[in-house]
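Peer 1: Quick one: the structure is below, questions incoming.
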Amino acid sequence: QVRIVESGGGLVQPGGSLRLSCAASGNIFSIYHMGWYRQAAGKQRELVAIISSGGSTNVADSVKGRFTISRDNAKNTVYLQMNSLRPEDTTVYSCDAVVNDDGYWGQGGQVTVAA
C-alpha cells in the first residue's frame with residue numbers, strides 16, 4: 001500500500017514564501033513522477049509543477065520564476081518552494097504521484113496569500 005502525505009501549507013503575506021513537501025511511503029518499487037496541482041473554486045485544476053524520476057521538470061507559466069520544484073529520491077519526497085507569493089496563488093494544492101505505475105493523490109493543503 002502506498003501513502004502520499006503533504007505538508008507545508010498555510011497563511012502568508014503577499015511577497016512571502018512557503019515550501020510544500022510531499023512524501024510517498026509504503027511498498028514502493030518505482031516512482032515515475034511527482035508533482036503539484038491546484039484548483040481554485042470555480043476553476044479547472046491546474047498543473048503547477050511536476051518532476052520526473054530523472055529530474056526533468058515542467059512548471060506552469062503562471063508560476064515560472066517564482067516556484068521551484070525539487071526532489072529527494074532517497075526520501076521519495078518532492079518539494080515545492082514558492083516565493084513571491086501573490087493573492088491569486090491562494091487555493092488548495094494537491095500532490096500527485098505515479099508510484100508503481102498507479103496514480104495517487106495527497107490529501108491537499110490550503111495555501112492562503114493575504115495581507
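Peer 1: Which value, in debye to the nearest 20, gives the size of the charge dipole of segment 1-70 about its Cα centre, when Lys and Arg are +1 and Asp and Glu are -1 at the Cβ?
Peer 2: 100
Peer 1: Another question, then. At 0.36 nm per residue, minus the direct Cα-Cα distance, what do A40 and D102 gain on full extension? Give it in nm, one decimal, please.
Peer 2: 19.8 nm
Peer 1: OK, next. Measure off 7 Å from each Cα along the Cα-to-Cβ vector at F29 and N73, then give the distance between these two points in nanometres to one decimal.
Peer 2: Once both label points are built, they end up 1.8 nm from each other.
Peer 1: With a 1.4 Å probe and all protein chains left in place, how much accessible area per residue does the chain have, in Å²?
Peer 2: For the chain, the per-residue accessible area is 54 Å².
Peer 1: Quick one: pull the percent of accessible area on the chain belonging to carbon and sulfur, 1.4 Å probe, ligands and nucleic acids left out.
Peer 2: 46
The values are calculated or read from the model by the stated rules, or taken from the named source; none is laboratory data. As the structure is a prediction and not an experimental result, all values here were calculated from the model. Because the Cβ atoms are built from the backbone with ideal geometry, glycine has one as well, and the counts that use them run over all protein chains shown. Ligands, DNA and RNA are excluded from the accessible area calculation, which covers all protein heavy atoms including side chains. Shrake-Rupley method; radii C 1.70, N 1.55, O 1.52, S 1.80 Å.
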